[in-house]
There are 2 protein chains.
Amino acid sequence: MIEVDLALRDELLATLGDIVSTAPADLESARADRSGRVSESAPLAIVTPRSIDDVQATMRFAHEHGIPVVPRGAGTGLAGASIGGAGEIVLVTLAMNRILEINVDDELAVVEPGVINDDLNVALEPRGLWFAPDPASKAISTVGGNIATNAGGLLCAKYGVTRESVLGMKIVLADGRLMTLGHRTVKGVTGYDLTALLIGSEGTLGVIVEAIVKLRALPTGPKATIGAYFDSVEQAARASAAVTASRLRPAAMELISQSALQGIGEYLGLDLGPRGSYLLVQLDGAAAAIEADSAVAIIRSLGGHAEMTMDDAEGERLFAIRRSFHPAMSARGTVLIEDVAVPRSQLPAMFSAITVIEQKYGMVIPTVAHAGDGNLHPNFVFPGSEVPTEVWDAADELFETCLRLGGTLTGEHGVGILKRRWLRDELGQDQVDLQRELKRVFDPGNILNPGKIFYSSL
Amino acid sequence: MIEVDLALRDELLATLGDIVSTAPADLESARADRSGRVSESAPLAIVTPRSIDDVQATMRFAHEHGIPVVPRGAGTGLAGASIGGAGEIVLVTLAMNRILEINVDDELAVVEPGVINDDLNVALEPRGLWFAPDPASKAISTVGGNIATNAGGLLCAKYGVTRESVLGMKIVLADGRLMTLGHRTVKGVTGYDLTALLIGSEGTLGVIVEAIVKLRALPTGPKATIGAYFDSVEQAARASAAVTASRLRPAAMELISQSALQGIGEYLGLDLGPRGSYLLVQLDGAAAAIEADSAVAIIRSLGGHAEMTMDDAEGERLFAIRRSFHPAMSARGTVLIEDVAVPRSQLPAMFSAITVIEQKYGMVIPTVAHAGDGNLHPNFVFPGSEVPTEVWDAADELFETCLRLGGTLTGEHGVGILKRRWLRDELGQDQVDLQRELKRVFDPGNILNPGKIFYSSL
């Protein structure tokens, strides 16, 4: 049983007022994100700032008292980066949810960090503009969270990851000072690119309190959507690699393994499994129909049974199958979602390796992949809340294979708590040490999300 | 007269052998870049490594003896970042010029830093691929230099700056250790994005010794090129802003002020000046012709006299006018090239401000702009090698205006030596201090390009 410092909590309440909550339900909710990981005990308090001033006051208090602060958006993270534990303040950005500016001429928006991704796009649509980052969680995740994790999603091969959509930001430093990074211009090289350094820093370097995001013209015209069944997942992976190699640039290209498809089918009450693995391809832009014909030809030449539709509703229906994957897996048990990425050409090899690992450990590893950018999500599903040893062993082998194929252990979810054990394998000790020193420059007292990305102990 | 440490030079020669040159002509050549800035005296030695090992040996020597090292590619920089002075080793990457790998399926290349930008594209063209960064110096500048300065160019509005084309790199640290950053995958969020931090760091954090660059499919089909005269530069700026606001995305959009055009005309022996300011627009891709019609309509509606051609040779001839700008200015005297960037919608206001500054100081400031991304190059041309006081005063006003319009003092040239005096105006003291601390993590002895970006003294 961990003692809560009640005097400290009272002082926090007295200093920050009604933005502090110590309601047990609030404290409980911040112990988890969507990774399946739950902290060992509830945090000290939840602070829900309404303004930059509130964030600064919170950080000043934390700085003075040496209290760890966990920045958190909607809590949709998949690596445990935003979960709060004993003695920590969880700083939730959800009340800072104003769109401060939409500048149509300069194709940018200025937003508070708690703005929901989809809400921003709803505001932009009448202006013919669009914020491209498209994580599967976009209906509920925040722009600040997208930035803190450098979120990816389904549309990255064509439209880039979050990093490509952020021009600048305001951050509150560990000691409460406010700093403005980046610019409103599309070019700018004054000093080091701290905007890029903050993107994907998972709340360990500063609290993002405002962002200047780059907008794109909303693609117009009908989209072409292709759904194709393959006998084997390796075949489907080869077809997706061939589509990319042919210089087509689909807006989205998603690959669903047979076991993943079966799981989705059971969840949705559809009979999807027996037909094999599934490849979904969506093309947009002026030449969508013509490009889709080429993609279908490639897919068929590699053994795929393909159908194509130019109907947006029908296309959306096909993609809804893909978007049901995470809920389908969660309905079956506790899920450990992996997030490896390999060079696109290595997708077939990575899928073959997953098959070998499945056989070796006698387990099923349902997998979906953002095939256009070589990012795979192998899922381990198990009962109870403890990750079984053989799952860790299988995951270990999976990471080793991924690194051997020239890949990276996390394409878009981040390191958080779940991937820390493999950080050194990818970066090497020298780089881990260097990265920790950079964190120390921003946060000498180690109060910003300590224990995330890096283990707390040195 | 600065004393050269001859014993140290001998030890360097003995340690590194024939990659060291102390020939007076070599030493002299490293005192300048293309900025007009010349260091006060020649450097200690030029080292031209042939391998990563050579770079490591050089940095180990420098580290042991506390000798400053200035990394340098082709010396085409426009901010003085790669010029060497008394007691410094200039490390020239030009002999590390191998293309190590071209991977067509993964759309990436692995290159040594001294590869010339255009040479890479010559090697890529038969494969239908392309390295997009397109600085005006691309025929002679190196990929390593592009990365160290986050080079821009003419095609950034559509194809991004260098940052968008680099996946990873190997760097040699100040103490000679080798470190691998980034990855071969298009996604990857394992730890902080040190690749992005190194891009644009102007040789102050590490020596880039290898890079994994992202390639794009070479645009196919004919390009549409539009040339349009306007009575005033503000009118031309309004037209370019309107083209962008209409959601057209030209590959290039260049604006040439009347005095710049006049200078180019005199240089080329053509009568270009009397017709006003000039806007060049190039559109590529499947819909180039249709989009060009829309652009022409917008340009005419805003007072432009536009011609359009689908002939590539004719289009290239029009762009050759733009590319003659820098040589035309250099032929007239010493040139101080500025590099401000403003939000695109502020281009007309920035041009108006330049006109006001011209009148106030009784000088002509020939200006070209990458209008698609709001990046302007106002040029100050003067006799002799000393920048006259009134030029500094005019430049000061120009920067103040640019910052007031939401801009940045350097869009693509970098800070180097020339922009240091304005660094704090844009970043603020807190951020300058933080950036210096980050440098200290990489380079505690301050031997990597000291005095560049930041003043040497604290």
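May I ask you to verify whether A:Leu270 is modelled with pLDDT under 95 and not in a strand (DSSP E or B)?
In short, yes.
If you check A:Glu164 against the conditions, is it of a type in the set (Asp, Glu) and either assigned to a strand (DSSP E or B) or closer than 22 Å to B:Lys158 by Cα (or both)?
yes
Looking at the structure I just gave you, is A:Ala123 away from every other protein chain (no Cβ under 14 Å), hydrophobic (A, V, I, L, M, F, W, C), over 28 Å from A:Gly411 (Cα atoms) and free of Cβ contacts under 8 Å to residues at least 60 places away in the same chain?
Against the criterion (away from every other protein chain (no Cβ under 14 Å), hydrophobic (A, V, I, L, M, F, W, C), over 28 Å from A:Gly411 (Cα atoms) and free of Cβ contacts under 8 Å to residues at least 60 places away in the same chain), A:Ala123 qualifies.
Quick grid of which residues meet (1) in contact (Cβ under 8 Å) with a residue 40 or more places away in the chain; (2) under 21 Å from B:Met329 (Cα atoms); (3) in contact with a Lys or Arg (Cβ under 9 Å, 6 or more places away or on another chain):
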| residue | (1), (2), (3) |
| --- | --- |
| B:Ile357 | yes, yes, no |
| B:His370 | yes, yes, yes |
| B:Val381 | yes, yes, yes |
| B:Pro388 | no, yes, no |
| B:His413 | yes, yes, yes |
| B:Leu418 | yes, yes, yes |
| B:Trp422 | no, no, no |
| B:Leu438 | yes, no, no |
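Sort through A:Leu94, A:Leu16, A:Leu27 and tell me the only one that's under 30 Å from A:Ala217 (Cα atoms), out of contact with any Cys (no Cβ under 7 Å at 6 or more places or on another chain) and either not in a loop (DSSP other than H, G, I, E, B) or not basic (Lys, Arg) (or both).
A:Leu94
Out of A:Thr244, A:Thr220, A:Thr225, I need the residue that is polar (S, T, N, Q) and surrounded by fewer than 18 Cβ atoms within 10 Å (Cβ to Cβ). Which one?
That would be A:Thr220, the only listed residue that is polar (S, T, N, Q) and surrounded by fewer than 18 Cβ atoms within 10 Å (Cβ to Cβ).
Quick check on my filter: what residues within segment A:199-217 are farther than 21 Å from B:Thr162 by Cβ and either at the interface with chain B (Cβ under 7 Å from one of its Cβ atoms) or more than 24 Å from the chain's Cα centre (by Cα) (or both)?
A:Ser201, A:Ala217
Looking at segment B:137-179 only, could you name the residues that are of a type in the set (Ser, Thr, Tyr) and closer than 21 Å to B:Ala74 by Cα?
Once the filter is applied, which keeps residues that are of a type in the set (Ser, Thr, Tyr) and closer than 21 Å to B:Ala74 by Cα, segment B:137-179 yields B:Ser137, B:Ser141, B:Thr142, B:Thr149, B:Thr162, B:Ser165.
Kindly indicate which of A:Thr58, A:Thr15 is surrounded by fewer than 21 Cβ atoms within 10 Å (Cβ to Cβ) and among the β-branched types (Val, Ile, Thr).
Unique residue meeting the criteria: A:Thr15.
Write out, first by first residue and then by second, each pair whose Cβ atoms fall under 8 Å of each other, whose residues are 6+ apart or on separate chains, and whose first residue, in segment A:290-317, is assigned by TED's automatic domain parsing to the domain that holds A:Gln235 while the second is among the acidic types (Asp, Glu).
A:Gly303/A:Asp231; A:Met308/A:Asp293
Do we find that B:Val340 is closer than 21 Å to A:Gly188 by Cα, within 13 Å of chain A (Cβ to nearest Cβ), in contact with a Cys (Cβ under 8 Å, 6 or more places away or on another chain) and of a type in the set (A, V, I, L, M, F, W, C) in this structure?
So B:Val340 fits the description; yes.
This table checks each residue for (1) in the same structural domain as A:Ala369 (by TED's automatic domain parsing); (2) in a helix (DSSP H, G or I).
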position	(1), (2)
A:Ala395	yes, yes
A:Glu400	yes, yes
A:His413	no, no
A:Trp422	no, yes
A:Leu434	no, yes
A:Glu437	no, yes
A:Gly445	no, no
A:Pro450	no, no
A:Ser456	no, no
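Take the residues in segment A:164-198 that are more than 7 Å from every other protein chain (Cβ to nearest Cβ) and within 15 Å of B:Val161 (Cβ to Cβ), then tell me which one is surrounded by the most Cβ atoms within 10 Å (Cβ to Cβ).
Among them, the one singled out is A:Val166.
Among the residues of segment B:440-458, write down those that are of a type in the set (A, V, I, L, M, F, W, C), touching a residue at least 24 places away in the same chain (Cβ under 8 Å) and more than 7 Å from chain A (Cβ to nearest Cβ).
Hits for segment B:440-458 are B:Phe442, B:Ile447, B:Leu448, B:Phe454.
Just to be sure before I move on: is A:Tyr192 more than 16 Å from A:Ala74 (Cβ to Cβ), aromatic (Phe, Trp, Tyr) and at pLDDT 95 or above in the structure I sent?
yes
From the list B:Arg238, B:Arg247, which one is without any contact (Cβ under 8 Å) to a residue 60 or more places away in the chain, in the same structural domain as B:Ala353 (by TED's automatic domain parsing) and more than 27 Å from B:Gly128 (Cβ to Cβ)?
Of B:Arg238, B:Arg247, the one residue that is without any contact (Cβ under 8 Å) to a residue 60 or more places away in the chain, in the same structural domain as B:Ala353 (by TED's automatic domain parsing) and more than 27 Å from B:Gly128 (Cβ to Cβ) is B:Arg247.
Please tell me if B:Ala136 is more than 21 Å from A:Arg344 (Cβ to Cβ), assigned to a loop (DSSP other than H, G, I, E, B), at pLDDT below 95 and more than 9 Å from chain A (Cβ to nearest Cβ).
So B:Ala136 fits the description; yes.
Give the residue, chosen from B:Leu438, B:Leu405, that is buried (at least 18 other Cβ atoms within 10 Å of the Cβ), at pLDDT 95 or above, over 30 Å from B:Leu178 (Cβ atoms) and not acidic (Asp, Glu).
Only one candidate passes the filter, namely B:Leu405.
Within segment B:392-433, can you find the residues that are hydrophobic (A, V, I, L, M, F, W, C) and more than 7 Å from every other protein chain (Cβ to nearest Cβ)?
B:Trp392, B:Ala394, B:Ala395, B:Leu398, B:Phe399, B:Cys402, B:Leu403, B:Leu405, B:Ile417, B:Leu418, B:Trp422, B:Val432
Which members of segment B:235-264 meet the condition of being among the hydroxyl-bearing types (Ser, Thr, Tyr) and away from every other protein chain (no Cβ under 12 Å)?
Residues satisfying the conditions are B:Ser257, B:Ser259.
What are the residues in segment B:89-109 that are away from chain A (no Cβ under 14 Å), closer than 30 Å to A:Leu248 by Cα and not aliphatic (A, V, I, L, M), if any?
Within segment B:89-109, just B:Arg98 meets the criteria.
Return yes or no: is A:Asp105 at pLDDT 95 or above, acidic (Asp, Glu) and assigned to a loop (DSSP other than H, G, I, E, B)?
Considered against the rule, which asks whether it is at pLDDT 95 or above, acidic (Asp, Glu) and assigned to a loop (DSSP other than H, G, I, E, B), A:Asp105 comes out as no.
Which of the residues belonging to segment B:409-433 are in contact with a strand residue (DSSP E or B) (Cβ under 8 Å, 6 or more places away or on another chain) and surrounded by fewer than 21 Cβ atoms within 10 Å (Cβ to Cβ)?
Within segment B:409-433, B:Gly428, B:Asp430, B:Gln431 qualify.
For (1) crowded, with 21+ Cβ neighbours inside 10 Å; (2) outside the structural domain of B:Ala32 (by TED's automatic domain parsing); (3) modelled with pLDDT of 95 or more; (4) in contact with a Ser or Thr (Cβ under 7 Å, 6 or more places away or on another chain), each residue gets a yes or a no:
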residue	(1), (2), (3), (4)
B:Ser330	no, yes, no, no
B:Gly333	no, yes, no, no
B:Ala349	no, yes, yes, no
B:Val356	no, yes, yes, no
B:Met363	no, yes, yes, no
B:Thr367	yes, yes, yes, yes
B:Gly372	yes, yes, no, yes
B:Phe380	yes, yes, yes, no
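The values are calculated or read from the model by the stated rules, or taken from the named source; none is laboratory data. No experiment lies behind these values; they were computed from the predicted model shown. We place every Cβ from the backbone using ideal geometry, glycine too, and count neighbours over all the protein chains shown.
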